[in-house]
Amino acid sequence: MEIYFISRRDLRSGDFRSFRNVGSLYGIIFLLTVCILAGCASKSADTQASEAEVASERIITIGGTITEIVCTLDACDQIVATDRTSTYPPDMQSLASIGYRSNIKAEGIIAQNPTFILAEEGYMSPDIYTQLESAGIPFHTFENQTTIASTFTMIQEIGKVLGREVQAKQVEAQLKQDLQKADSLLTKASTTPKVLFVYARGHGTLSICGKETFAEHIIPLAGGTLAVPEIVGYKPLTTEALIQANPDYILFFDSGLESLGGIEGALGIQGVMQTNAGKNRNIIAMDGLYLSGFDSRVGEAIYDLALMIHPELQTTPLKPYVVSYN
């Protein structure tokens, strides 16, 4: 039986070519043991370093959709600040706020000492990005086209940036299930109601929402039709336009309906009682981010909106929308 010796110098360097003959069987066993232990130690060190790096990230998210997706990918605890539209999960509202769109300043972002920034494309002015670049702060932007396809793209891209591709695939799988559930529900629908989305900030600020907005996409996905397909973007609400559109349902953000004083306030808008929606008191509202964000909950939002505008799909009638005042 041949035996081999290896020096400490060779062991440290990993150079096993200068063995001296001692015994192949025991030598091979010894070498295999050393290699396995060394490999495990290296892997453990790499894993610990990777986990430490992840834990040390200080992320600022800008845009409610981006924030929600980051949290769905189990990275909520890395967010140190966000913007005013990031209302979900609710815990995000307790973090430092960098403001809202035009009010955001580079100084406020830099003061949070972020390691990098994730932002919705077009959310901030270009000069903010220039200042962040000058400060050496990495940032990534993501386009939200308010379509299902762009939702999947955002999940994939954010997952890649965060090194959470596995979680991203899980989120995608859940979203596909939610969409299938909504599609299955709509196969039983017998109506295609006209829905008008009204953006409200009190009676003095009322706009209707047309093409090239989230409403153009979310309403058909829920089995409805856009009540004002001839309008592009947001236009001031007029009595004539309201009566001409004659929607079956008038949809608000819940905060917008609250600003009007609830359902009764909405019914008091001039022209509403001359529409099918007004005559049938079909005034509905949903959380703004939930309805318009096209984030990881969009499948659930479609399902809920479908139930609201399709009474025939409701196993039990939905309770009238009631505004909750604090």
Exercise for the section: Go through the stretch 263-280 residue by residue and turn each phi into a ³J(HN,Hα) via Karplus (6.51, -1.76, 1.60, θ = phi - 60°); whole Hz please, and just put x for glycine and proline. Expected result: 4, 4, x, 5, 5, x, 5, 4, x, 4, 6, 9, 9, 4, 4, x, 4, 9
Practice task
Give me the number: length gained by fully extending K188 to A173, i.e. 0.36 nm times residue separation minus the C-alpha to C-alpha distance, one decimal in nm.
Solution key: 3.0 nm
Fill in the blank from the handout: Of all DSSP beta bridges having both residues in the stretch 172-326, the percent classed as antiparallel (nearest 5) is 40
Problem - Whole-Hz couplings from phi, Karplus 6.51/-1.76/1.60, listed for the stretch 181-197; x for Gly and Pro - result: 5, 5, 4, 4, 4, 6, 5, 9, 6, 10, 10, 10, x, 7, 10, 10, 8
Exercise for the section: Name the shape class, rounded, prolate or oblate, that the alpha-carbon gyration tensor gives for the stretch 190-313, where a ≥ b ≥ c are the square roots of its eigenvalues, rounded holds for a/c under 1.5, and otherwise prolate holds if a/b is larger than b/c and oblate otherwise. Expected result: rounded
Completion exercise
Filtering trypsin sites (Lys or Arg not before Pro) in the stretch 175-223 by DSSP loop and by at most 13 other Cβ atoms within 10 Å leaves K188, R201
Completion exercise
Under 5 Å from the placed amide H of K211, counting only residues 5+ away or on other chains, we find I231, V232, G233
Exercise for the section: Using amide H atoms built 1.01 Å from N in the peptide plane, name the residues 5+ places from H140, or on other chains, whose amide H lies under 5 Å from its own. Expected result: I117, L118, A119
Problem - In sequence order, calculated HN-Hα J values of the stretch 206-216 (Karplus, 6.51, -1.76, 1.60; Hz; x Gly/Pro) - result: 10, 10, 9, 10, x, 5, 6, 9, 4, 4, 4
Fill in the blank from the handout: Sorted by chain and number, the residues with a modelled amide H under 5 Å from that of T225, at a separation of 5 or more or across chains, are K194, V195
Fill in the blank from the handout: By the Cα gyration tensor axes a ≥ b ≥ c (a/c under 1.5 gives rounded; else a/b larger than b/c gives prolate, otherwise oblate), the shape of the stretch 135-204 is oblate
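Where a number appears in this text, it was derived from the coordinates with a stated rule and is not lab data. What you see is a predicted model; the values in this text were computed from it and never measured. Because the Cβ atoms are built from the backbone with ideal geometry, glycine has one as well, and the counts that use them run over all protein chains shown.
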